[in-house]
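Derivation of every value follows stated rules applied to the coordinates shown; laboratory data play no part. Since we're looking at a predicted model, the values are computed, not measured. All Cβ positions, even for glycine, are placed from backbone atoms using ideal geometry, and neighbour counts span all protein chains on display.
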Amino acid sequence: MITIIRISGQVNLNEDVAETMYRMRIRRKYACAIIDETAENLGMLKKVRNFVAYGKTDKAVLIELIEKRGQVIDKKAKIDAEKTADMILKNKNFDGTNIKPFFRLHPPRKGINSRQHFPKGVLGDNKEKINNLLRRML
């Protein structure tokens, strides 16, 4: 599973890039989505890599993300974060989890360099460091 965080805003984006981000459900700045590694998703990720941060997420960070930022569809039901994380990792989609397939995050604590790629900034493939960025944004 790959976690994608939108870093750039909505102004002055190419129409194709904006449409791709819309389809990936990262429609606002600092929105986060979790996708599986299919050829189609990797192609979309390649198109938007200059505007997002992405990487592979640990199960512990996924549970923390669901607890703090998961929004329920049915307001009466409660979220069991560990069970939901297992369902997402096993089924590779959000069907039957009762949470929305995206997460709205805070701007990161201690700031980010949003104009440079990974070793110096946050854009592009962050590999395992995406977990640190996610924790700073919760």
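For this structure, a couple of remarks:
- Ordered by the number of other Cβ atoms lying within 10 Å of each residue's own Cβ, fewest first, 135, 115 fall into the sequence 115, 135.
- With both residues required to sit in segment 2-137, DSSP beta bridges show an antiparallel share near 80%.
- Estimated inter-spin distance, residue 27 and residue 72, nm [label 7 Å along Cα→Cβ]: 2.3 nm
- Neighbour-count order for 129, 110, fewest beta carbons within 10 angstrom listed first: 110, 129
- Computed over the chain, the P(r) tail beyond 19 angstrom holds 48 percent of alpha carbon pairs.
- Dipole in debye (nearest 20) - segment 2-137, about Cα centre, beta carbon charges: Lys, Arg +1; Asp, Glu -1: 620 debye
- Taking other Cβ atoms within 10 Å as a rough exposure proxy, 123, 13 sort from fewest to most as 13, 123.
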